[in-house]
Amino acid sequence: MLFAMRLALPAIVLAMGSFWMRPKLLMMAFWFCALGDVMGVLGCFEGQMGGFALAHICFISFFGRAIRRAKEHSLLIIAMVSLFCLVPLGLAAWKVIPAITDLPIQIGCSVYALLLTGTLWTAAVRDCAVSVDWRSTPFEAVYGAAFFLTSDFILSWNKFVEHIPHASFYIMITYYCALLLLFVGVESRK
């Protein structure tokens with residue numbers, strides 16, 4: 001059991017580091033990610049999804065505040081980001097959600113998919129709205145949110161649709177990249 005808990009270690013380290021280095025909402029997001037990891041190690045899928053759902057609510061709130069503070073918003077950029085985010089959400093609604101046989105899990109996964117996509121959407125709109133010079137804009141948070149979405153998409157496809165060889169490896173690599181990029185991606189955009 002303790003050996004399996006090592007999977008939660010990166011999120012715990014980032015959560016501890018966020019005490020001094022990141023805003024409170026992000027600190028809470030990383031602690032909820034660590035909670036999701038622990039629940040996953042314990043085999044509690046609902047608890048795992050709940051922990052990560054709370055993390056995404058924190059990410060959305062954090063990125064949403066920056067969007068509200070931005071002086072200008074390009075409707076074209078918002079429309080493009082929205083269309084981009086609809087692709088994975090549509091694929092989940094078309095293939096993954098119908099493959100889930102347990103109704104409460106199906107509802108939970110639907111809500112979680114919206115939250116996960118919301119993190120990507122708010123991170124992308126925030127970076128586009130806040131940025132002045134596109135060449136100097138770090139999009140780490142957007143890439144982090146995209147990696148998070150990729151990780152969870154692989155997890156859900158493997159769990160509900162069809163087996164993916166070496167899925168655990170792909171899930172954890174993309175998840176750890178997501179955490180790191182989300183952690184670093186807010187430094188220049190507080």
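No lab work stands behind these numbers, since they all come straight from the coordinates. Model, not experiment: these values are computed from the prediction. Cβ sites come from the backbone with ideal geometry, for glycine too, and all protein chains shown count toward neighbours.
Within the bounds of region 8-22, is there any residue that is part of a helix (DSSP H, G or I), small (Gly, Ala, Ser) and surrounded by fewer than 18 Cβ atoms within 10 Å (Cβ to Cβ)? Step through it out loud before you land on a result.
Here is the first cut: in region 8-22, the ones part of a helix (DSSP H, G or I) are 8-21.
When the remaining residues are screened for being small (Gly, Ala, Ser), the result is 8, 11, 15, 17-18.
If we keep only those that are surrounded by fewer than 18 Cβ atoms within 10 Å (Cβ to Cβ) as well, we get 17.
Checked region 8-22: at least one residue is part of a helix (DSSP H, G or I), small (Gly, Ala, Ser) and surrounded by fewer than 18 Cβ atoms within 10 Å (Cβ to Cβ).
Please go through region 63-85 and pick out each residue that is in a helix (DSSP H, G or I) and either in contact with a Lys or Arg (Cβ under 8 Å, 6 or more places away or on another chain) or under 20 Å from LYS24 (Cβ atoms) (or both).
Here is the first cut: in region 63-85, the residues in a helix (DSSP H, G or I) are 63-69, 75-85.
Residues satisfying the conditions are PHE63, GLY64, ARG65, ALA66, ILE67, ARG68, ARG69.
Quick test of your reading of the structure: PHE32 fulfils all but one of (1) touching a residue at least 12 places away in the same chain (Cβ under 8 Å); (2) surrounded by fewer than 17 Cβ atoms within 10 Å (Cβ to Cβ); (3) not charged (D, E, K, R). Name the failing condition by number.
(2)
Scanning region 160-172 for residues that are closer than 17 Å to TRP94 by Cβ and touching a residue at least 12 places away in the same chain (Cβ under 8 Å), which turns out surrounded by the most Cβ atoms within 10 Å (Cβ to Cβ)?
The initial filter retains those residues of region 160-172 that are closer than 17 Å to TRP94 by Cβ, namely 160-162.
Filter again for touching a residue at least 12 places away in the same chain (Cβ under 8 Å), leaving 160-161.
Details: PHE160: 19, VAL161: 13.
Restricting to residues being closer than 17 Å to TRP94 by Cβ and touching a residue at least 12 places away in the same chain (Cβ under 8 Å), the top hit is PHE160.
Residues that are in contact with a Lys or Arg (Cβ under 6 Å, 6 or more places away or on another chain), of a type in the set (A, V, I, L, M) and surrounded by 15 or more Cβ atoms within 10 Å (Cβ to Cβ): does region 53-62 have at least one? Spell out how you get there, then give the answer.
Quick first cut of region 53-62, residues in contact with a Lys or Arg (Cβ under 6 Å, 6 or more places away or on another chain) only: none.
Looking through region 53-62, none of the residues is in contact with a Lys or Arg (Cβ under 6 Å, 6 or more places away or on another chain), of a type in the set (A, V, I, L, M) and surrounded by 15 or more Cβ atoms within 10 Å (Cβ to Cβ).
Is it the case that ILE105 is surrounded by 18 or more Cβ atoms within 10 Å (Cβ to Cβ), of a type in the set (A, V, I, L, M) and within 20 Å of the chain's Cα centre (by Cα)? Full working, then the answer.
Working: surrounded by 18 or more Cβ atoms within 10 Å (Cβ to Cβ): no; of a type in the set (A, V, I, L, M): yes; within 20 Å of the chain's Cα centre (by Cα): yes.
Taking the combined requirement at face value, the residue does not satisfy it.
So if I check each of PHE45, PHE62, which one is of a type outside the set (Gly, Ala, Ser) and touching a Leu at 6+ places or on another chain (Cβ under 6 Å)? Reasoning before the result, please.
Details: PHE45 fails: touching a Leu at 6+ places or on another chain (Cβ under 6 Å).
Step by step, each of PHE45, PHE62 is checked, and only PHE62 is of a type outside the set (Gly, Ala, Ser) and touching a Leu at 6+ places or on another chain (Cβ under 6 Å).
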